[in-house]
Each structure stands twice: as structure tokens, then as C-alpha cells.
Amino acid sequence: MEAVVGQRHDGDRRDRRRLAGMQEHGIVSVVVRPGNPAMLINISAAGALIDTEHRLRPGASVDLVIERSQGRASARGRVLRCSVVRVQAASLCYRGAIGFDRPLPWFIDERAAGARQVV
């Protein structure tokens, strides 16, 4: 009988590690083009979870401008899902999951490095 090492049994289907908090990812700010500020919840090489007052339509193409201490980068992706997470008197806050078209090069993906070894 073969077993797959690294297979998740905790219900989490993600295949990449998520980084949350500036100390983990070094990201100072995120903007959804053309200039809508967003708060980064977490990020991986494959995508990001953001909060923004700008409505994100599932399936829509978006560009994120990511400001890091090492400089600015742009990441293009698609909105995978979006929902309202806060209702305030004058605005709504949306939480959107963005899947990047290409993996972000500055993340090391530990799971992919040793993924699916058969013992």
C-alpha cells in the first residue's frame, strides 16, 4: 500500500503556505488598480486574501500593486470569490480571494519542494 507524504487531513485544501502579518511577508501596502487601497489578510505565492471598500467581481481580472520594503511589484490575477464582511454607516467592506496568474517569485513554497513523495 502506498501513502502520500504531506497530504493534508485537516480540511485545508490549500497547497501553498499562507503568510499573514508584515513580519512574515514584508508587505507594507496593497492597492487594487487603478488606486483602491486594500488591507492584506494573507498571501502566498499563488494568491492573496484582501479586504477593500472596492467591490470585486468573481471572475474579473485585477492588478495588485504590492509595496514591499525591497520595492514595488505588480501581480495580475483573477477574483476567485468575494463577499461582504463589514457593513458600516457609509460603506461596505469586501473580502476577496485573488488567484495570481503567475506565482510570486519572492515566496519559497516549502510544500512544493517536497510535495507528493511516495513511500
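Yes or no, residue by residue, for (1) touching a strand residue (DSSP E or B) at 6+ places or on another chain (Cβ under 8 Å); (2) closer than 17 Å to Pro103 by Cα; (3) of a type in the set (Lys, Arg):
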{"residue": "Gly35", "(1), (2), (3)": "no, no, no"}
{"residue": "Ala38", "(1), (2), (3)": "yes, no, no"}
{"residue": "Ala48", "(1), (2), (3)": "yes, yes, no"}
{"residue": "Asp51", "(1), (2), (3)": "yes, no, no"}
{"residue": "Arg57", "(1), (2), (3)": "yes, no, yes"}
{"residue": "Asp63", "(1), (2), (3)": "yes, yes, no"}
{"residue": "Ile66", "(1), (2), (3)": "yes, yes, no"}
{"residue": "Arg72", "(1), (2), (3)": "yes, yes, yes"}
{"residue": "Arg78", "(1), (2), (3)": "yes, yes, yes"}
>> Please verify whether Leu19 is modelled with pLDDT under 65 and surrounded by 16 or more Cβ atoms within 10 Å (Cβ to Cβ), treating the condition exactly as stated.
In response: yes
>> Whether any residue in region 107-117 is polar (S, T, N, Q), out of contact with any Asp or Glu (no Cβ under 6 Å at 6 or more places or on another chain) and either at pLDDT 95 or above or closer than 16 Å to His25 by Cβ (or both) is what I want to check.
In response: no
> Name the residues in region 80-96 that are among the hydrophobic types (A, V, I, L, M, F, W, C), touching a residue at least 24 places away in the same chain (Cβ under 8 Å) and exposed (fewer than 14 other Cβ atoms within 10 Å of the Cβ), would you?
Replying inline: Val85, Leu92
>> Out of the residues in region 55-73 meeting the condition of being under 17 Å from the mean Cα position of the chain (by Cα) and free of Cβ contacts under 8 Å to residues at least 24 places away in the same chain, tell me which one is nearest to Gly26 (Cα to Cα).
In response: Arg72
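The values are calculated or read from the model by the stated rules, or taken from the named source; none is laboratory data. Just so you know, these numbers come straight off a predicted model, no measurement behind them. No Cβ is skipped: glycine too gets one built from the backbone with ideal geometry, and neighbour counts run over all protein chains shown.
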